[in-house]
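To start, the structure under review is shown below, and the notes come after it.
Just so it is clear, none of the values below were taken in a lab; they were calculated from the coordinates. These figures come from a predicted structure and were not determined experimentally. Ideal geometry is used to build each Cβ from the backbone, glycine not excepted, and the neighbour counts take in all protein chains shown.
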Amino acid sequence: MTTAYLTHPVCEDHRLGADHPESPERLEAIQNRLISGQLMDFLRWREADLATLEQLNATHDPEYVASIFAKAPLEGHVELDSDTIMMPSTLDAALRAAGSVVKAVDLIMTGEVDHAFCAVRPPGHHAEYDRAMGFCLFNNIAVGARHALNEYGCQRVAIVDFDVHHGNGTEDIFESDTKVLYASSYQYPLFPYPDPGASHDNIIHMPLEKGSKGADFRAAYEAHLFPRLEAFQPELIMISAGFDGLAEDPLGQLQLKESDIIWLTERLVDVADRYSNGRIISVLEGGYNTDALGRAVFQHLKTIMKL
């Protein structure tokens, strides 16, 4: 079993200020932990490609994509909203972030690797069809999923999102596409303040109250996701891997532990082994306590790799 690790140096050049939680130190913490734990020795490092206009326009409103290119500053910064800021390197980083997931799909669907982890930023799951928000410009995992549907003829792609914030962008993009099953666990109420009763045939909401612990998290997945995954029988499993549900994280108030992330990952690996030929792509979303982030990504990847 082989696992690709996709990233790019420009993802660390996207700098939003010393006090901004979505910092380059997040990627540095992950890489340092993987190196110190000797897990990097078992990964196939791949440099993320740039997403193309064709790939972005297949997922987002082409007018929106054009507006992001037009607003990219040569110096200073541009605020897309109060949370989402573009600096001179931001567009390149966002293109690499989306392109990493496209490349991961290519590597997996052609059989070069079995799984992949995309260590990229800015994150993506809040980016809607025609709107940037929540630190996100392009919806990285949605761009990759659309690529799997369009280029490889996938009929059943499952996206599982365990970020503390609901992936409103991924829901917005796929809410009418029955080839994609999207499931999101999240703290409620919390940004982006979704409607927890808005589940559709292919959209699963799993809201968790502030202070929820691992038992609540696991019960939600047992009750709402895994029966649906068994019926759906995905050809590819994609994970919006947000680690801000951990108890140490400053942006959420869930009380998850690394063992809960390991549990969910093990369950998804089991489903992938039975229905998806083991194919899993995990894409970094949130996680803002860098120590906790590094440790949890290490365990998440180690579990995917069955080490």
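Data for the structure
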{"read-out": "Residue-span extension gain [Asp61 to Ala223] - 0.36 nm each, minus C-alpha spacing", "value": "54.8 nm"}
{"read-out": "Convex hull volume of region 178-276 per residue (C-alpha atoms, cubic angstrom)", "value": "93 Å³"}
{"read-out": "Thr2-Phe69 pseudo-label distance in nm [points 7 Å out on the Cα-to-Cβ vector]", "value": "3.4 nm"}
{"read-out": "Nitroxide proxy distance, nm - points 7 Å out along Cα→Cβ at Asp291 and Glu79", "value": "3.3 nm"}
{"read-out": "Amide hydrogen neighbours beyond the local backbone of Tyr186, cut-off 5 Å, H modeled", "value": "Met206, Leu208"}
{"read-out": "Hz values of 3J(HN,Hα) by residue in region 113-124 - Karplus curve (6.51, -1.76, 1.60), Gly and Pro given as x", "value": "9, 9, 9, 8, 10, 9, 8, 9, 8, x, x, x"}
{"read-out": "Karplus 3J(HN,Hα) series, Hz, for region 95-111 with 6.51 cos²θ - 1.76 cosθ + 1.60 (x for Gly, Pro)", "value": "5, 5, 4, 5, x, 5, 6, 4, 5, 4, 4, 4, 4, 7, 6, 8, x"}
{"read-out": "Within region 250-267: backbone nitrogen closer than 20 Å to the Phe42 label point (7 Å, Cα to C-beta)", "value": "258-267"}
{"read-out": "Low-density loop positions, GluC sites (Glu not before Pro), region 195-239 - DSSP coil, at most 15 other Cβ in 10 Å", "value": "Glu209"}
{"read-out": "Length gained when the stretch Thr52-Ile35 is fully extended (0.36 nm per residue, less Cα-Cα span)", "value": "3.0 nm"}
{"read-out": "Candidates Glu128, Glu112, Glu63: whichever shows maximal mean-square fluctuation once the chain is modelled as a Gaussian network with Cα springs under 10 Å", "value": "Glu63"}
{"read-out": "Chain lengthening between Ser259 and Asp130 when straightened (0.36 nm per residue, less Cα-Cα)", "value": "42.8 nm"}
{"read-out": "Where labels lie 7 Å past Cα in the beta-carbon direction, separation of Ala18 and Glu230 in nm", "value": "5.4 nm"}
{"read-out": "Rg followed by Dmax, in Å, when region 75-231 is reduced to its Cα trace", "value": "16.1, 51"}
{"read-out": "Region 29-66 versus region 82-109: alpha-carbon centroid distance in Å", "value": "6 Å"}
{"read-out": "Region 260-292: trypsin sites (Lys or Arg not before Pro) in DSSP loop, at most 11 other beta carbons within 10 Å", "value": "none"}
{"read-out": "Overall form of region 3-304 per C-alpha gyration tensor (a/c, 1.5; a/b vs b/c)", "value": "rounded"}
